[in-house]
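The values are calculated or read from the model by the stated rules, or taken from the named source; none is laboratory data. Treat the numbers as computed from the prediction; the structure is a model and nothing was measured. Positions of Cβ are generated from backbone atoms using ideal geometry, with glycine treated the same way; all protein chains shown enter the neighbour counts. SASA here: full protein model, heavy atoms, side chains in, ligands and nucleic acids out. Shrake-Rupley method; radii C 1.70, N 1.55, O 1.52, S 1.80 Å.
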Amino acid sequence: MIHHRNFGKHISSSQQVKKPLNAFMLYMKEMRHKVLQEGREKESAAINRILGRRWHALSRSEQSKYYDLAHKERLLHMQLYPGWSARDNYGKKKRKQNRKPTGSCSSWTLSAG
């Protein structure tokens, strides 16, 4: 059974629908606690490196389990959010506008005193 962080929840217009997880992210989600239990690393970046090495060391058949899960997640995501595109969330970053004062300083005059 696939558990997705947004599936089955009402998404308000202010919440973003997240992308379905890919095969590697599903692997990381499943295996992260095992690396933490080993106790060698606590830092997230180091754990990610370990998981990346282990992922690449897996055979294609071992990885295929996660590719199959990722495919199922994508299908479920498409059913729950028809017409959704990653651009809906990730392509519309609002730019901060520089707030420079408009107008000129021509009203300022220097006078010799």
Check: How much of the accessible area of segment 34-82, probe 1.4 Å, is carbon plus sulfur, in whole percent?
Finding: 54
Notebook entry, point to check: Which FRET efficiency value, to the nearest 0.05, do you get for R40 and L80 by plugging their Cβ-Cβ distance into 1/(1 + (r/R0)^6) with R0 = 35 Å?
Noted result: 0.35
Note to self: Could you tell me what a quarter of the Cα convex hull surface of segment 43-82 works out to, in nm² with one decimal place?
What the structure shows: 3.8
Notebook entry, point to check: Points 7 angstrom from Cα along the Cβ direction at L58 and Q16: gap in nanometres?
Noted result: 2.6
Checklist line | Label point distance in nm, M31-Y90, each placed 7 Å from Cα along Cα→Cβ | finding: 2.2
Next item on the list: Could you pull out the GluC sites (Glu not before Pro) across segment 21-55 that fall in loop regions by DSSP (anything but H, G, I, E, B) with no more than 11 other Cβ atoms inside 10 Å?
Entry: E43
